[in-house]
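Any read-out appearing in this document is the output of simple, stated calculations on the displayed coordinates, not a laboratory observation. All values reported here derive from a predicted model rather than from experimental measurement. Cβ: placed from backbone, ideal geometry, glycine included. Neighbour counts: every protein chain shown.
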Amino acid sequence: MESPATPSKERVGYEVPDDPCLVLSAATRSRLGMKKARRFDPACVWSNDPGSAPPLKIRDVKVFYEAGPAGTNSTNSYAKVNFARKKKNDFRQPSEFGGAPSVKRAMKQVGSAKAGEHFDEGYYVYYVYKIVDHQEGEDKAVLRKGNVIVTIIARGADVPTRRMSDGIPIGDAVVQAMIDAVAAEVVAAIR
């Protein structure tokens with residue numbers, strides 16, 4: 001009998017979407033207020049429009065897919081090794097602009113997507129990063145499904161004035177809710 005965390009039908013050879021900017025439905029983007037999408041090579045970033053009058057609420061969601069070569073389910077497969085390396089690095093310092101994460105854990109569920117059913121394994125980190133005087137709170141969820149690794153990054157800050165240096169990083173709960181809102185569609189796009 002298999003444990004609930006072990007995928008019953010782990011498959012190799014999954015494919016990623018041709019355009020990650022088409023992954024989120026209009027309803028999900030609208031609910032999050034993320035109307036603008038920018039494509040960066042294999043990634044897509046959705047941003048809100050914070051307006052021009054304070055207080056400003058800056059929010060971004062980024063999705064990045066990596067498809068490794070299809071092969072066997074051996075423990076030495078490319079995706080499993082790459083996932084373990086990413087986890088080790090992210091648990092130490094997930095960004096060159098931030099320190100060690102204040103929250104880090106393995107994931108059994110993100111949004112309605114469950115480990116063993118919708119993805120094989122996953123982890124989550126939260127940290128605050130700083131560029132010059134501007135700070136943002138950032139969550140990163142990394143999931144592996146067969147030979148595919150998908151990274152979902154949500155970040156933002158609340159800026160009460162016109163000066164970005166006055167920004168307050170949004171907390172773990174806020175950015176985690178953003179990731180939870182998009183996770184099912186992001187994972188479902190892996191085919």
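Between helix 172-188 and the chain, what is the angle of the helix's C-alpha long axis to the longest principal axis, kept within 0 to 90° and rounded to the nearest 10?
Result, in degrees: 40.
Suppose every Lys and Arg Cβ carries +1 and every Asp and Glu Cβ carries -1, with no other charges. What dipole size does the range 20-188 come out with about its Cα centre, to the nearest 20 debye? Don't jump to the answer; show the numbers that get you there.
On the way: 26 positive and 18 negative charges, 32 e Å.
It works out to roughly 160 debye.
Could you give the longest part of the chain that holds none of the GluC sites (Glu not before Pro) found in DSSP loops with at most 16 neighbouring Cβ atoms within 10 Å?
Numbers: sites that count: Glu2, Glu10, Glu15, Glu96, Glu117.
Counting at most 16 other Cβ atoms within 10 Å as exposed, the longest clean stretch of the chain is 16-95.
Grab every C-alpha pair in the range 20-188, bin the distances at 10 angstrom width from 0 up to the longest one, and report whole percents.
Per 10 Å bin, starting at zero, the Cα-Cα P(r) for the range 20-188 comes out as 10, 37, 36, 13, 3, 0 percent.
To the nearest 0.05, how large is the calculated FRET efficiency for Lys57 and Asp133 if R₀ is 30 Å and r is the Cβ-Cβ distance?
Details: r = 19 Å, r/R0 = 0.62.
Computed FRET efficiency for Lys57 and Asp133 comes out at 0.95.
Report the normalised scattering of the range 48-117 as log10 I(q)/I(0) at q = 0.13, 0.21, 0.25, 0.28 Å⁻¹, calculated by the Debye formula with identical scatterers on the alpha carbons.
Values, matching the q order: -0.64, -1.19, -1.26, -1.25.
Excluding residues fewer than 8 places away in the same chain, name every one of the lysines whose C-alpha is closer than 28 Å to that of Lys88.
Lys9, Lys62, Lys80, Lys104, Lys108, Lys114, Lys130, Lys140, Lys145
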